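Any read-out appearing in this document is the output of simple, stated calculations on the displayed coordinates, not a laboratory observation. These numbers were taken from a predicted model, which means no experiment stands behind them. For neighbour counting, all protein chains shown are included, and Cβ atoms are generated from backbone atoms with ideal geometry for every residue, glycine included.
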Amino acid sequence: MASSWSSSPEYAGFWQRAAALLIDALIVFVVAVPVMVLGLGVRGVSLDPAGRGWDLLAFLALAAAVIGF
C-alpha cells in the first residue's frame, strides 16, 4: 500500500492562488460590509479628514481586525 505522504509538497500554481485570493476577498467583503453598515452605521467612506474621518477610521479598524484574525 502506497503512502499518501510525500517528501516534497505540491504547491498550488499561480491561477489556483489567484482564484483563492478572489474567493477570500469575496468572503471578507460579504462579512465586512454588513458589519460596517449595520454595526457601525457607515454609509460611505470618505478620504476627506475634515468631513467623514470617523468613517475612514472605522473602516481601517475593521480592516485591521479582519487581517489580524
Segment V30-F69, length gained on full extension (0.36 nm per residue, minus Cα span): 12.5 nm
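Under the 0.36 nm per residue contour assumption, what length would be gained going from the current alpha-carbon distance of A19 and L56 to full extension? Kindly include the intermediate steps, with their values, before the conclusion.
Working: separation 37, 0.36 × 37 = 13.32 nm, distance 2.84 nm.
Gain in length upon complete extension: 10.5 nm.
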Neighbour-count ranking [beta-carbon atoms within 10 angstrom, fewest first] of I67, I27: I67, I27
